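The values are calculated or read from the model by the stated rules, or taken from the named source; none is laboratory data. Note that this is a predicted model, so its numbers are computed, not measured. Here the Cβ is made from the backbone with ideal geometry for all residues, glycine too, and neighbour counts use every protein chain on show.
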Amino acid sequence: MKILIVDDEEGIRSIIREYCENSHYEVDEASSGKIALEKLMKNHYDLMVLDIMMPEMDGFTMLKECPKSKQVPTIILSARSEEYDKLSGFDLGIDDYITKPFSPKELLARIKAILNRTSKQIDIYTYKSLTINTASHTVKIENKEVNLTPKEFDILVYLINNINIAITREQLLSSVWGYDYFGDDRTVDTHIKMLRNNLGIYRDNIQTVRGIGYKYVEYEE
């Protein structure tokens, strides 16, 4: 699996590279958001470790300008620890947020947890004209690809894997965002809203369960 490390501090990139390569991950580096965006457009990565404050283009701007089809699971690694920054990151679809100074061992553990969660075996779900392929990480409606963020895709797959079961917001935060997450009901609700908008004619398959959370249902013909 290939990891992109984006940070303007060479020393930090070097430390992360060493730990990742010792765990047999392939590593690429970028010293700015602009360079990272160029690399994402040309190459495939399984995960990105991203700083916020960088020259040329900061991390948040890079995430906003990156096409949905090129977005990958992302861990923000930043000296900024304000709640606003963390919520902004999760609203942009990141998977985790770690503040500096950080433990390389903890970062590696979170990298492994996310990659284990996202590297699923081939599994195809079909319902009428809706097709979801977890191997290619694609969603199609009437053979047209739907652009979902990695987080929207993971939420959809999780709900479908628990079809007709009411899932609490806490379960979604824990299962989709991972352990030691930072988020609240607003994070889940925001992503559900965006997911429904992207699903178009299948938006109503994701039902709100009052006082609990959400569930995915299949409607009979």
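Annotation: LYS34 fulfils all but one of (1) farther than 23 Å from ALA109 by Cα; (2) over 19 Å from the mean Cα position of the chain (by Cα); (3) exposed (fewer than 15 other Cβ atoms within 10 Å of the Cβ); the unmet one is (3). Being touching a helix residue (DSSP H, G or I) at 6+ places or on another chain (Cβ under 9 Å), β-branched (Val, Ile, Thr) and more than 19 Å from TYR45 (Cβ to Cβ) is the filter here, so list the residues in region 131-149 that pass it. ILE132, VAL139, ILE141, VAL146 - these are the residues of region 131-149 that are touching a helix residue (DSSP H, G or I) at 6+ places or on another chain (Cβ under 9 Å), β-branched (Val, Ile, Thr) and more than 19 Å from TYR45 (Cβ to Cβ). Restricting attention to region 53-66, the residues that are surrounded by 21 or more Cβ atoms within 10 Å (Cβ to Cβ) and over 13 Å from GLY89 (Cβ atoms) add up to 2. Any residue in region 67-88 that is crowded, with 21+ Cβ neighbours inside 10 Å, over 15 Å from the mean Cα position of the chain (by Cα) and not in a loop (DSSP other than H, G, I, E, B)? Checked against the condition, which is being crowded, with 21+ Cβ neighbours inside 10 Å, over 15 Å from the mean Cα position of the chain (by Cα) and not in a loop (DSSP other than H, G, I, E, B), region 67-88 yields at least one hit. Scanning region 1-14 for residues that are over 16 Å from ILE76 (Cα atoms) and assigned to a helix (DSSP H, G or I) gives GLU10, GLY11, SER14. When region 25-66 is filtered for residues that are of a type outside the set (D, E, K, R) and in a strand (DSSP E or B), the ones remaining, listed by number, are VAL27, ALA30, LEU47, MET48, VAL49, LEU50. Exactly one residue out of LYS128, LYS100, LYS112 is under 25 Å from SER14 (Cβ atoms) and over 19 Å from the mean Cα position of the chain (by Cα), and it is LYS100. Among the residues of region 40-50 satisfying the criterion of being at pLDDT below 95 and surrounded by 15 or more Cβ atoms within 10 Å (Cβ to Cβ), which is nearest to ARG110 (Cα to Cα)? So, considering only residues that are at pLDDT below 95 and surrounded by 15 or more Cβ atoms within 10 Å (Cβ to Cβ), the one nearest to ARG110 (Cα to Cα) is LEU47. Somewhere in region 159-167, is a residue closer than 27 Å to MET1 by Cα, at pLDDT below 90 and either surrounded by fewer than 16 Cβ atoms within 10 Å (Cβ to Cβ) or in the same structural domain as CYS20 (by TED's automatic domain parsing) (or both)? There is at least one residue in region 159-167 that is closer than 27 Å to MET1 by Cα, at pLDDT below 90 and either surrounded by fewer than 16 Cβ atoms within 10 Å (Cβ to Cβ) or in the same structural domain as CYS20 (by TED's automatic domain parsing) (or both).
Of all the listed residues (ILE206, ILE201, ILE212), the sole one being touching a strand residue (DSSP E or B) at 6+ places or on another chain (Cβ under 6 Å) and either over 24 Å from LEU87 (Cα atoms) or at pLDDT below 95 (or both) is ILE212.
Name the helices (runs of 4 or more DSSP H) wholly within region 128-221 that hold at least 2 residues that are among the basic types (Lys, Arg)?
In region 128-221, the matching helices (runs of 4 or more DSSP H) lie at 185-199.
When you scan region 115-127, do you find a residue that is at pLDDT 90 or above and either on the phi > 0 side of the Ramachandran plot or among the basic types (Lys, Arg) (or both), even just one? Taking every residue of region 115-127 in turn, none turns out to be at pLDDT 90 or above and either on the phi > 0 side of the Ramachandran plot or among the basic types (Lys, Arg) (or both).
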